[in-house]
Amino acid sequence: MAVTAARSGQAATEVRTGIGAAVADAAIAAVIAFFLAMPILTYKTVEQVTSLQVVSRWPQVLVGVAAVFVGRLALNLLWPHLSGVRERLAWIGTKLRDAFFAMGGWRTVYGVLIVVAVGCSIAGQLSHNRWLDLLAIGPLIIGMWRRSPMWLLLALALFFPFAPGATRYYVENFGILVLIYVMLGWGLNIVVGLAGLLDLGYVAFYAVGAYAYALLAQNFGLSFWICLPLAGILAAFWGVLLGFPVLRLRGDYLAIVTLAFGEIIRIVLINWQSLTGGPNGVSGIPRPTLFGLQFKAEGGFADYFGLQYTSLHRIIFLYYIILALALLTNWVTLRLRRLPVGRAWEALREDEIACRSLGINVTNTKLTAFATGAMFGGFAGAFFATKQGFISPESFTFWESAIILAIVVLGGMGSQIGVAVAALVMIGGTEVFREFETYRMLVFGLAMVGMMVWRPRGMVSGRVPSIALGEAHRIGGDLIEEGHG
Amino acid sequence: MEYFVQQLINGITLGSIYGLIAIGYTMVYGIIGMINFAHGDVFMVGSFIALLLFLLIGLTAATPLIIIVLAIIGVLLVAMALTAVWGWAVERLAYRPLRGSFRLAPLITAIGMSIVLSNMVQISQGARVKNLPPDIKDRLSGGFAVMEHDGFAAVVSYRQLIIVCVTIALMTLFTWIITSTPLGRAQRACEQDRTMAALTGVDVDRTISLTFVIGAALAAVAGVMFLVYYGAIDFYIGFVAGIKAFTAAVLGGIGSLPGAMLGGLLIGLIEVFWAGYVGSEYKDVAAFSILAIVLIFRPEGLLGRPEIEKV
């Protein structure tokens, strides 16, 4: 008797059909939510003149708890019926995809875009000297030929500074910023996505690059174009230096040690006042030049080409520099993936013990990934320094590392286009919705957790094998199983 | 000499706090083999809960000492309970769904959870440093000199005494739980082989949940201690204290409970002596460098066993 009762109770909780069980479950969830919120969300500390006071926020918290109850109840009651809805949605999705390809798929999209771009240029909607927007057409044609959305994004990126409505503010705070994070994401993707090493101190190499350029320019008067490779080499050197002793460690130890290194570099930057200027940072960092032409009012770029001087020229120039740097990162990564070292990285990510058994030098392989990633971080850092004209240790906190890691994780580790999309959504999204800035990190954190729970392979989870016999087929991320290392 | 003794006392106090946090890291690592990156932030949440409870009780300068002592005990217990709910929720939401996922997944959710917790506190409580009301702080300020020479005395304050006593009591209780209760036995079984433990009737999910609950409760104790000792907290304390406590766990040998306590004491002493004799600018660098040095030369720690890799 008791056994049957217990069994039926178990069945009820498993299938969650009975109304009573559903209500009880929802009530438990609400009680837990209440205890979670109890002091820390319900009361807020407020500084008064004499001492700290508390202000209560009972109404909001009670509404939240009620929402948890209702939401959980609805979920419990609707869960058994959801599969039908899901099938319907999947059916609609297939129909939409069929319709999309019936109309020509990406080819049509590219075609329309080419017509629009050419039309815009010819109709003179854009001012007469902006013939450069034609440069978006190249990638569109290649993309049409190869039918790949990557080229569409490239065309949009090339076209962006000349698009109608792209003001100085948008190019600087949206375009350049997003591309910096795309580049950092791609750089970290080599370490995390390809080699499977969790690096929580990536911002250290970004800082090394930025300070390398700033200090070399200030103390030795070197120009941006000389310092850019130097910054990359220095960052890679630091990567080797830091990586060599710790890369023998297990994955999670490595994460903590890299985090500690990131913090050490920041603390040294703050405290080594005679070299780095301490918390005040370095200011007056020179701007980059175009073959010696400066972007200034008199005798600069605008005079040389006989154009009206605007500060927009410099911003657009910076935009194309970072776009080129980001594309370089991408191109090098795609090329390296085909080399033995790149294939060793990916093998290492999948199963370290198998790699060792096959005679791959694990430490050297990890070290090359670490150094390559660090080098691109250094490039991005040098660009950041020249773009800002001022750097301080404030810009290189752990949060920066966390944002870059979130981009890589959400983009799907190892997927280049996924990282670019994630950077666009996360950085661009928060730039557009400025008023939600306070909640930005909260959303990032929740997204990281949700992503790992529901779609552990990222938003773009398919993977094309780097090398295959015959044609390379895209496979779903769920087919890949990783070993332990 | 007095200066040295004073630093020693301060170091042991700080080390007790680190040790309490380190136990949470070491237990979770022992049982599921992951670094609970959010543990430092659970400590911070516990500290904030305690601060709010102190403010809600509303002690004044006129409150008798016995009431204040009772209030501290009460706050300690309630904060432990409420923080334990947070520990449970973190495990349930972020780690349990990932059993059997690939190896970086739980670490990434742990970082996500850490970001969520610290930002939640930052948004709900504000980013500024919060001070414990002076009424409570001043009443606990006294102490007694253990050594006096040339007008400089090494003083043990009542706060330090409370912290060390509570830590010793909890460590004793905790060692007893692990060695002689059914829960402790289940935990040790899961630590050795989770599948086998499940086959012999151990409820693995429940054991892991309880491990997180105990870890969070101990972190809450550390949070209350931190609040009473320093009298000022902000949303960022969990990050730095978390790394240092993790360093302590690694130094002592991760997975080993006496190791966590020993590591905590060592890290506390090193930090205090470094700040006292070398300079406080680089005291965090000292702790972080020790982490790197230990991991490079003796990854199994002082009291840990070398890890055997299984395929």
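The values are calculated or read from the model by the stated rules, or taken from the named source; none is laboratory data. None of these values were measured; they are calculated from a predicted model. As a convention, Cβ positions derive from the backbone with ideal geometry for all residues, glycine included, and neighbour counts pool all protein chains shown.
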Any hit, segment B:54-63, residues being within 11 Å of another protein chain (Cβ to nearest Cβ), out of contact with any Asp or Glu (no Cβ under 8 Å at 6 or more places or on another chain), among the small types (Gly, Ala, Ser) and in contact (Cβ under 8 Å) with a residue 12 or more places away in the chain: no
Elements of type helices (runs of 4 or more DSSP H) contained in segment A:370-458, each with 3 or more residues being of a type in the set (A, V, I, L, M) and within 12 Å of chain B (Cβ to nearest Cβ): A:398-411, A:440-454
Any hit, segment B:66-78, residues being under 30 Å from A:TYR253 (Cα atoms), within 19 Å of the chain's Cα centre (by Cα), more than 8 Å from chain A (Cβ to nearest Cβ) and touching a residue at least 24 places away in the same chain (Cβ under 8 Å): no
Only listed residue being part of a loop (DSSP other than H, G, I, E, B) and either buried (at least 17 other Cβ atoms within 10 Å of the Cβ) or not charged (D, E, K, R) (or both), chosen from A:LEU41, A:LEU36: A:LEU41
Long-range neighbours under 6 Å by Cβ, at least six apart or interchain, first residue facing chain A (nearest Cβ under 7 Å) and closer than 26 Å to A:ALA195 by Cβ within segment B:86-109, second modelled with pLDDT under 80 and surrounded by fewer than 24 Cβ atoms within 10 Å (Cβ to Cβ): B:SER101/A:PRO456; B:PHE102/A:GLU482; B:ARG103/A:HIS484; B:ALA105/A:PRO456; B:LEU107/A:ASP252
Count of segment A:8-39 residues which are modelled with pLDDT of 85 or more, within 39 Å of the chain's Cα centre (by Cα) and among the hydrophobic types (A, V, I, L, M, F, W, C): 12
Failed criterion for A:VAL453 (all others in (1) among the aliphatic types (A, V, I, L, M); (2) surrounded by 23 or more Cβ atoms within 10 Å (Cβ to Cβ); (3) modelled with pLDDT of 80 or more hold): (2)
Considering residues of segment A:302-343 that are of a type in the set (Gly, Ala, Ser) and part of a helix (DSSP H, G or I) only, the residue surrounded by the fewest Cβ atoms within 10 Å (Cβ to Cβ): A:ALA324
Residue within segment B:25-32 that is more than 10 Å from chain A (Cβ to nearest Cβ) and closer than 30 Å to B:MET147 by Cβ present: no
Residue under evaluation B:GLY304, criteria (1) modelled with pLDDT of 80 or more; (2) surrounded by 12 or more Cβ atoms within 10 Å (Cβ to Cβ); (3) away from chain A (no Cβ under 12 Å), criterion not met: (1)
